[in-house]
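**Student:** Take this structure, written in structure tokens, and hold onto it; I'll ask about it next.
No value in this document is a laboratory result; all are computed from the given coordinates. As the structure is a prediction and not an experimental result, all values here were calculated from the model. Ideal geometry is used to build each Cβ from the backbone, glycine not excepted, and the neighbour counts take in all protein chains shown.
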Amino acid sequence: MRDSAGSVFLADCPARLAIEIITNKWAVVVLFALSRGPCRHGELVELVGGISRKVLTQTLRRLQGYGLVERRAYAEAPPRVEYSLTDLGLTLVEPIAVLTDWARAHGDAIVTFQEGADPDRRA
């Protein structure tokens, strides 16, 4: 077990970079939203509750920079831009779905624990 997981703890491990990318507050939600198909910026704002236009733009740019999201601008009037997952981004759909299923199954238990936990134990 130590050999297979040991490198993840190194600062320059590619797996650690991948974990840092998807642990961004909005990254997984945006990636999951795009798993439904290409979306325009405004559609994503409506779909992803609580995200501002500015934060969505920053998140999309960051995901583009990692090769997970593609931005496609169409030469039409008015201008139209769509975002979609790249082939690499599509490889995250299944793991994100598994995490989403886990969150649905256990989210209430976490909230219940937090509500009943000793405030000194919650750091």
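**Student:** Report P(r) for the chain: all Cα-Cα distances, bin width 5 Å, range 0 to the bin holding the largest distance, values in whole percent.
**Tutor:** Values per bin, smallest distances first: 2, 9, 16, 17, 16, 14, 12, 7, 4, 2, 1, 0.
**Student:** Using helices alone, I'd like the mean residue ellipticity at 222 nm for the chain: each DSSP H run of four-plus residues gives -39500 (n - 2.57), total over residue count, nearest 500. Kindly include the intermediate steps, with their values, before the conclusion.
**Tutor:** Values: 7 runs with 70 residues, N = 123.
Per the formula, -16500 deg cm²/dmol.
**Student:** Follow-up question, since we're still on this one. Got a sec to turn the phi values of segment 87-103 into Karplus ³J(HN,Hα) couplings, 6.51 cos²θ - 1.76 cosθ + 1.60 with θ = phi - 60°, whole Hz, x for Gly and Pro?
**Tutor:** Running phi through 6.51 cos²θ - 1.76 cosθ + 1.60 with θ = phi - 60° gives 4, 5, x, 4, 5, 8, 4, 5, x, 5, 4, 5, 4, 5, 4, 4, 4 Hz.
**Student:** Just want the ordering: 43, 20, from fewest to most Cβ atoms lying within 10 Å of their own Cβ.
**Tutor:** Working: 43 15, 20 11.
Ordered from fewest to most neighbouring Cβ atoms within 10 Å, 43, 20 come out as 20, 43.
**Student:** Counting pairs of alpha carbon atoms under 8 Å apart in space and at least six apart in sequence, what relative contact order in percent does the chain give?
**Tutor:** Values: 94 pairs, mean separation 26.3, N = 123.
It comes to 21 percent, rounded to a whole number.
**Student:** Let me ask something else about it. Got a sec? How would 83, 66 order by Cβ neighbour count within 10 Å, fewest to most? Working shown, then result.
**Tutor:** Values: 83 22, 66 16.
Going from least to most buried by this count: 66, 83.
**Student:** Estimate the FRET efficiency between residue 9 and residue 72 by the formula 1/(1 + (r/R0)^6), using the beta-carbon distance for r and 25 Å for R0, to the nearest 0.05.
**Tutor:** Working: r = 38 Å, r/R0 = 1.51.
With R0 = 25 Å, the Cβ-Cβ based efficiency is 0.10.
**Student:** HN-Hα J couplings of segment 19-34 from phi, Karplus 6.51/-1.76/1.60, θ = phi - 60°, integer Hz, Gly and Pro as x?
**Tutor:** In residue order, the calculated couplings are 5, 4, 4, 7, 8, 4, 3, 9, 4, 5, 5, 5, 4, 5, 4, 6 Hz.
**Student:** Which far-off residues, 5 or more places away or on another chain, put their amide H under 5 Å from the one on residue 86, with H placed in the peptide plane?
**Tutor:** Here the answer is 69, 70, since their amide H atoms fall under 5 Å of that of residue 86.
**Student:** Just to check I understand the Karplus step: with θ = phi - 60° and J = 6.51 cos²θ - 1.76 cosθ + 1.60, what whole-Hz values come out for segment 72-80, glycine and proline as x?
**Tutor:** Taking θ as phi minus 60°, the curve returns 10, 9, 9, 7, 9, 10, x, x, 10 Hz for segment 72-80.
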